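So the structure is just underneath, and the comments pick up after that.
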Amino acid sequence: DDLRRRLADDRRCFGFFHPALPEEPLIFVEVALTYEIASNIAPLIDPAGEVGDPYAADTAVFYSINNALAGLRGISFGNFLLKQVLNELADELPQLKRFVTLSPVPRLADGLRALFAGEVPDWPTGRIDEILEDCREALAEASSETSPIAAVQQLLADRRCADPALAMPLTRLALLYIAAMRNGPGVCCDRVAAFHLANGAILERINVGADLSPKGQAQSYGIMVNYRYDPEQVVANHEAFVQDARIVMSRALQREYDKHLAGRH
């Protein structure tokens, strides 16, 4: 049932092959054709989900990009395949208006735990409390803590990733992790973000409660991210990221970044 759903009429699956291994894909990309930008992985992978009309869809959602061979893990072929997939989808389904991903943030939980423990020099815990100050009241009501950072930690420890009180704090902390924390000059902490941003994508939206599976909560507190590919902006976005270490974001995320994160580190 799972395989049948992944190959249904409102799905597309693309593989990248090499002549030396003609029967086995090196990497494959799975795409859902939807009526809006997906914010939750569960409906996309539900074997019993309703099959939509691909010719009525306005959005292509890249929800799985995987190296098929264990020996090739860590080697990225995805950029070659994504560009071909974008072109093929646009040719087959010219009504599509948006090309987006629904991507994991594999080490977000580790990154935030380091942040909470004061192990990130540029972002001391006192500064994190300042960033979350406007969330203090809602967090205090949902927990037994008065400090925003302590309240967030308590709610996460209680596995309340989808608690409404965490929606804005987690969005802001994930934005900090993706767009402001660095492993080195211009180097994103998140390898998935680095991959898509280097390919010219826009950081479109952060989705809280998007993957509440045990794995999703363990690795990213349930957060997934939409990266949007605009064919007309891909080259400029790529150059901004690679040459200037500048991340192009949606207006909503840029406002959030400018108001709460810019100039604070």
Among the residues of the stretch 211-225, are any modelled with pLDDT under 90 and more than 16 Å from Leu112 (Cβ to Cβ)?
no
So, in the stretch 32-52, how many residues would count as being closer than 12 Å to Leu102 by Cα, in contact with a helix residue (DSSP H, G or I) (Cβ under 7 Å, 6 or more places away or on another chain) and in a loop (DSSP other than H, G, I, E, B)?
1
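Per-residue answers, yes or no, for (1) of a type outside the set (D, E, K, R); (2) in contact (Cβ under 8 Å) with a residue 60 or more places away in the chain; (3) not assigned by TED's automatic domain parsing to the domain that holds Arg191:
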| position | (1), (2), (3) |
| --- | --- |
| Ala218 | yes, yes, no |
| Asn226 | yes, yes, no |
| Tyr229 | yes, yes, no |
| Glu232 | no, no, no |
| Ala236 | yes, no, no |
Could you tell me whether the stretch 159-169 includes any residue that is more than 20 Å from Asp129 (Cβ to Cβ) and touching a residue at least 60 places away in the same chain (Cβ under 8 Å)?
yes
Complete set of residues in the stretch 209-238 that are of a type outside the set (D, E, K, R) and in a loop (DSSP other than H, G, I, E, B):
Gly209, Ala210, Leu212, Ser213, Tyr221, Gly222, Ile223, Tyr229, Pro231, Gln233
Would you point out which residue out of Phe195, Phe241 is in a helix (DSSP H, G or I) and touching a residue at least 60 places away in the same chain (Cβ under 8 Å)?
Phe195
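The values are calculated or read from the model by the stated rules, or taken from the named source; none is laboratory data. As the structure is a computational prediction, the values presented were derived from the model and not from experiment. Glycine gets a Cβ as well: all are built from the backbone with ideal geometry, and neighbour counts include every protein chain shown.
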